[in-house]
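Step one of this worksheet: look at the structure below.
The values are calculated or read from the model by the stated rules, or taken from the named source; none is laboratory data. Everything numeric in this text was worked out from a predicted model, so none of it was measured. Positions of Cβ are backbone-derived with ideal geometry, glycine not excepted, and every protein chain shown enters the neighbour counts. Just the protein is used for accessible areas: all its heavy atoms, side chains included, with ligands, DNA and RNA removed. Shrake-Rupley method; radii C 1.70, N 1.55, O 1.52, S 1.80 Å.
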Amino acid sequence: MTTKTELRVCYVLVADGWDRHAQMMWLSATSLRLQEPEAKIVLATDGPSLESFQRAAPQLLSLVDDVVVIDTPMEEKRLRAFHLKTLFRSHIDGDLLFLDGDTLVIKPLAAVLQHDAEIGAVLDFNHNGPWFPPQLEESYLRLGWTYPLEYYFNSGVLFLRDTPAVRAFAKEWTRRWLLLVGEGMPGDQEAFVSALYAMPVSWRRLPNAMNSITIKRNYRFREARVLHFFGSPAEQQGTILEHLLKHLQATGTFDHKAYGRCLREQHPWGPGYQPWQLWRSRNYVRAAGLKAWKVLTRR
């Protein structure tokens, strides 16, 4: 069983120096340090990215405990990142919690990982029950894979034990991902779910709190432990992550005040938030109060 002192967290990052993706990972890892100060952070990256970090992002490297370089023949940066995500389990020893870089940790995590399964994953889009994307049917069936499966998991937060079964699963994940690349579907998540059901490995659903996707349905901040924002600027607009990024770019520091305010007020929005944003994150009382204040001050 994993204990708090044994928590090891892995990030996968393919980036050009101190670019937006590196900055997001730095923010995520910093928030992790605030909630799990004893966690060991491992960065899985490729050779060109590491060279760029050494030149332009020493603050990122100083935040992690270990760096593992993994080779990939993929030329496109996005494909290299997806490939490394399927490969890291085979290159790093020990049980691992994987986090996407576009996440923020807002509560301790280690206790949630106390289970006997070899893999832990969270349902995608904050679903609470069976659902599987219809757009995967054609590719899955053409490749001879089972469709539909019961659950569709998000690969942004994963707990992977270091067992022979999990390492065999990881190889199958890579194999299926390469097949999907040939189908024009390069995302790692579609291959992850298929491999999970195909391989003899034990798994369990982690609570939605471990991967609360802020822009999708059924989002609840009060139960959240990990906020997942998705990576594009448009999808992050108005969120605390967008604010933290802008603050980091302007000052080179983490805005502890804004981060702490969100935790106290229980919402994922940056300063200057609007009533509709609070309502969307189910912060109904605060939303109504802010709306009333805005009406009164306009008189």
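Given the -39500 (n - 2.57) contribution per DSSP H run of 4+ residues, what per-residue ellipticity at 222 nm results for the chain, rounded to the nearest 500 deg cm²/dmol?
Working: 12 runs with 125 residues, N = 299.
Using -39500 (n - 2.57) per qualifying helix, the result is -12500 deg cm²/dmol.
Give the ranking of 66, 188 by solvent-accessible surface, highest area first, calculated with a 1.4 Å probe. Don't skip to the answer; put the middle values down first.
Working: 66 70, 188 5 Å².
Listed by decreasing accessible area, they come as 66, 188.
Were the residues from residue 90 through residue 33 laid out at 0.36 nm apart, the gain over their Cα-Cα distance would be 18.0 nm. Give, rounded to the nearest 20 debye, the magnitude of the charge dipole that the chain has about its Cα centre when Lys and Arg contribute +1 at Cβ and Asp and Glu contribute -1 at Cβ. The calculation lands at about 1660 debye.
Out of all DSSP beta bridges with both ends in the chain, state the antiparallel percent to the nearest 5.
The answer is about 45 percent antiparallel.
Positive contributions from Lys and Arg (+1) and negative ones from Asp and Glu (-1), summed over other residues with Cβ under 13 Å from the Cβ of residue 24, come out at -3. Residue 137 contributes about 80 Å² of solvent-accessible surface, heavy atoms of the protein only, 1.4 Å probe.
Calculate, in whole percent, how much of the Cα-Cα pair population of the chain lies beyond 23 Å.
Details: 25175 of 44551 pairs.
So the portion of pairs separated by more than 23 Å is 57 percent.
Here the range 1-54 and the range 123-151 have alpha carbon centers that stand 30 Å from each other.
Could you sort 93, 71, 102 by accessible area so the largest value comes first, with the probe set to 1.4 Å? Could you put the intermediate results ahead of the total?
On the way: 93 110, 71 130, 102 20 Å².
Ranked from most to least accessible, the order is 71, 93, 102.
Among 55, 282, the sequence by solvent-accessible area, most first, with a 1.4 Å probe is 55, 282. Computed with every protein chain present, the accessible area of residue 143 is close to 50 Å² [probe 1.4 Å].
For the options 174, 30, 146, a Gaussian network treatment of the chain with springs between C-alpha atoms closer than 10 Å singles out 146 as fluctuating the most. Carbon and sulfur: what percent of the range 56-125's accessible surface (1.4 Å probe)? Answer for the range 56-125: carbon and sulfur cover 51 percent of the accessible area.
For the range 204-299, with all protein chains present and a 1.4 Å probe, just round the carbon and sulfur fraction of the accessible area to a whole percent. Walk me through the intermediate numbers first.
Numbers: 2790 of 5190 Å².
Roughly 54 percent of what the probe reaches on the range 204-299 is carbon or sulfur.
Evaluated at q = 0.11, 0.13, 0.18 Å⁻¹, a Debye calculation over the C-alpha positions of the range 37-193 (equal weights, vacuum) places log10 I(q)/I(0) at -0.49, -0.69, -1.28. Surface analysis of the range 1-149 yields an accessible area of 41 Å² per residue, using protein heavy atoms and a 1.4 Å probe.
Whole-percent P(r), the range 38-127, all Cα pairs, 10 Å bins from 0: 12, 42, 35, 11, 0. Net charge dipole, the range 77-129: roughly 360 debye, given to the nearest 20, about the Cα centre with Cβ charges of +1 for Lys and Arg and -1 for Asp and Glu. Separation of the range 173-225 and the range 239-290, taken as the distance between their Cα centroids, equals 27 angstrom. Stretching residue 107 away from residue 178 to a fully extended chain increases their span by 22.0 nm, per 0.36 nm per residue minus the current alpha-carbon distance.
Restricting the count to DSSP beta bridges whose residues both fall in the range 33-183, what percent are antiparallel, rounded to a multiple of 5?
The answer is about 70 percent antiparallel.
Think of the chain as a dipole: +1 on every Lys or Arg Cβ, -1 on every Asp or Glu Cβ, centred on the Cα centre; then among 94, 177, 39, 39 lies furthest on the positive end. Dipole orientation for the chain: of the candidates 114, 228, 72, 228 has the Cα lying most toward the positive pole (charges on Cβ; Lys, Arg +1; Asp, Glu -1).
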